[in-house]
Amino acid sequence: MSTIRVVIADDQPMVRQGIAMLLSSEPDIEVIGEAQDGAEAIRLVESLRPDLVIMDVRMPGMDGIEATSRLIRERPEDPDQLAKVLVLTTFDEDAALYGTLRAGASGYMLKHAAPSELANAVRRVADGDAWIDPAVAPKVLNTLRELASDNPEGRPSLEMLTPRELDVLRELADGATNTELSRRMVLSEATVKTHISRMLMKTGCHDRAQLVALAYRSGLVQP
């Protein structure tokens, strides 16, 4: 069993310590660093290279949304070094949800969730999947529908995708499997899976088929 290496970013020491104690009790999760703000989280990620960052939204200085946006920026020199962020917050207001989606986090979870749900979310996100807390899933979907309602062709959803995600989507529309995508784009299959899960989360699509349909409907690719 491989160990998931985690950094926790939260401005409240007791919250950080509580999350660290909870996750450290899991046999496959190791907390390797704690940050009190977004800037420190970025420094820890650059030095420790964790598998996942648990990020609070509301922090002094650089907040979690800005830190997530900076961490998610793709590195052309090392495209497989793709940070995974699970946002953990007490807030479920629309602004935080929208900011999290745009920043490119792989998951969004409320702090009052059950401990077992947090550990499960960490495993899912670390494995390249997306995770949305069931308590806020309807609001996330409504937010995505509102983004798409201004343009039924789907452009608002595509505008949230990064250039590399758009490249992955073009390859998906061409019928490429994860293995073929990995070979064509010179990426690991784990990185390909993470790109796809983020596209699903940002666009509100349920599966790869809906992503491909969106690519054609928006004009990103031609029949």
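The values are calculated or read from the model by the stated rules, or taken from the named source; none is laboratory data. Not measured: the values here are computed from a predicted model. Cβ placement follows ideal geometry from the backbone for every residue including glycine, while neighbour counts extend to all protein chains displayed. Please note that ligands, DNA and RNA were not included when accessible areas were found on the heavy atoms of the full protein model with its side chains. Shrake-Rupley method; radii C 1.70, N 1.55, O 1.52, S 1.80 Å.
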Original post:
Roughly what would the spin-label model give for residue 47 and residue 24, points 7 Å off Cα along C-beta, in nm?
Top reply: 1.8 nm
Original post:
Efficiency by 1/(1 + (r/R0)^6): what FRET value for residue 217 and residue 167, r their Cβ-Cβ distance, R0 = 22 Å, to the nearest 0.05?
Top reply: 0.75
Original post:
Any idea of the accessible area per residue across the chain, 1.4 Å probe, to the nearest Å²?
Top reply: 46 Å²
**OP:** With the Cα gyration tensor of the chain in hand, give its eigenvalues times 5 under a square root as the equivalent ellipsoid semi-axes, listed largest first in whole angstrom.
**Re:** 29, 20, 15
Original post:
Can you give the FRET efficiency for residue 206 and residue 114, using 1/(1 + (r/R0)^6), R0 = 25 Å, r = Cβ-Cβ distance, to the nearest 0.05?
Top reply: 0.50
**OP:** Provide the per-residue ³J(HN,Hα) series for the stretch 114-123, in order, calculated from phi with Karplus coefficients 6.51, -1.76, 1.60 and θ = phi - 60°, each as a whole number of Hz, with x at glycine and proline positions.
**Re:** 5, x, 5, 5, 5, 4, 5, 5, 4, 5
Original post:
Expressed as an acute angle from 0 to 90° and rounded to the nearest 10, what is the orientation of the C-alpha long axis of helix 163-173 relative to the principal long axis of the chain?
Top reply: 50 degrees
Original post:
Roughly speaking, what is the stretch gain from residue 2 to residue 135, that is 0.36 nm per residue apart minus the C-alpha to C-alpha distance, in nm to one decimal?
Top reply: 44.9 nm
**OP:** Return, for the Cα atoms of the stretch 9-130, the radius of gyration and Dmax in Å, separated by a comma.
**Re:** 13.2, 39
Original post:
Dividing the Cα convex hull volume of the stretch 166-219 by residue count, how many Å³ per residue is that?
Top reply: 67 Å³
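For 133, 174, give me the order by solvent-accessible area with a 1.4 Å probe, most accessible first, ignoring ligands, DNA and RNA.
Numbers: 133 10, 174 105 Å².
Result of the area sort, largest leading: 174, 133.
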Original post:
Over the chain, what relative contact order in percent results from Cα pairs under 8 Å that are six or more residues apart?
Top reply: 15 percent
**OP:** Treating the angle as unsigned and between 0 and 90°, give the value, to the nearest 10°, between the Cα long axis of helix 13-24 and the longest Cα principal axis of the chain.
**Re:** 70 degrees
**OP:** Kindly express, to the nearest 10 degrees and within the range 0 to 90, the angle between helix 94-103's C-alpha long axis and the longest C-alpha principal axis of the chain.
**Re:** 70 degrees
Subject >> Spacing of the two label points (7 Å from each Cα toward its C-beta) at residue 58 and residue 95, in nm >> reply: 1.0 nm
Original post:
Per-residue ellipticity at 222 nm for the chain, helices alone: DSSP H runs ≥ 4 residues times -39500 (n - 2.57), over residue total, nearest 500 deg cm²/dmol?
Top reply: -15500 deg cm²/dmol
